[in-house]
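A short write-up of the structure that comes next.
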Amino acid sequence: MHITPEIIAELISQARKDAPNESCGYLMGNNGEVTHHYPMENTDHSPEHFSFAPREQFAALRYARDNGLQILANWHSHPASPSRPSAEDLRLANDPDIRYAILSLHEGIHLNSFKIVNNKVVDKEIHYEG
């Protein structure tokens, strides 16, 4: 999956704004190319986990469909921990067809995405280190 520098900048901005709570949203595009960031509210308002509001999820799906986009990744931030899935992230990653991107603000900025199947990471891509 390729994420443009402009989208990465949007994710960093959102994560910084929402810190110390986790940020979240969808990354959309086609053919592995992320062209749209769809930010969503973390309804948990927590620094350790996140949840999407169901109405926002439906709106995101409608937006993707109406604009001919695929949801390529679910993303969230880790304000105070590394860019790797937590045990909860692994347990909740139930769509093997998308990637799970995690933006860490811990010890620099790191953005990785993961393919997770049956609660296990089967692939990791590094998108940003700074």
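The residues on offer are ALA73, ALA64, and the sole one that is among the aliphatic types (A, V, I, L, M), without any contact (Cβ under 8 Å) to a residue 40 or more places away in the chain and either under 16 Å from LEU27 (Cα atoms) or surrounded by fewer than 15 Cβ atoms within 10 Å (Cβ to Cβ) (or both) is ALA64. From the list GLU33, GLU48, GLU41, the one residue that fits, being of a type in the set (D, E, K, R), more than 21 Å from GLY130 (Cβ to Cβ) and under 14 Å from the mean Cα position of the chain (by Cα), is GLU41.
Among the residues making up region 88-98, those that are open to solvent by 40 Å² or more (accessible area, probe 1.4 Å) and either within 19 Å of HIS45 (Cα to Cα) or touching a helix residue (DSSP H, G or I) at 6+ places or on another chain (Cβ under 7 Å) (or both) are GLU88, LEU92. Residue check: VAL122 meets all listed conditions (1) of a type in the set (A, V, I, L, M); (2) in contact (Cβ under 8 Å) with a residue 40 or more places away in the chain; (3) more than 18 Å from GLU10 (Cβ to Cβ); (4) assigned to a strand (DSSP E or B) but one, namely (2). Checking each residue of region 6-14 against the condition of being part of a loop (DSSP other than H, G, I, E, B), in contact (Cβ under 8 Å) with a residue 12 or more places away in the chain, open to solvent by less than 40 Å² (accessible area, probe 1.4 Å) and over 20 Å from GLU125 (Cα atoms) gives no match. When region 105-115 is filtered for residues that are closer than 16 Å to LEU27 by Cα and either touching a residue at least 40 places away in the same chain (Cβ under 8 Å) or crowded, with 19+ Cβ neighbours inside 10 Å (or both), the ones remaining, listed by number, are LEU111, ASN112, SER113, PHE114.
The values are calculated or read from the model by the stated rules, or taken from the named source; none is laboratory data. Small disclaimer: the values here were computed from a predicted structure and weren't measured. No Cβ is skipped: glycine too gets one built from the backbone with ideal geometry, and neighbour counts run over all protein chains shown. In case anyone asks, the SASA skips ligands and DNA or RNA and just uses the protein heavy atoms, side chains included. Shrake-Rupley method; radii C 1.70, N 1.55, O 1.52, S 1.80 Å.
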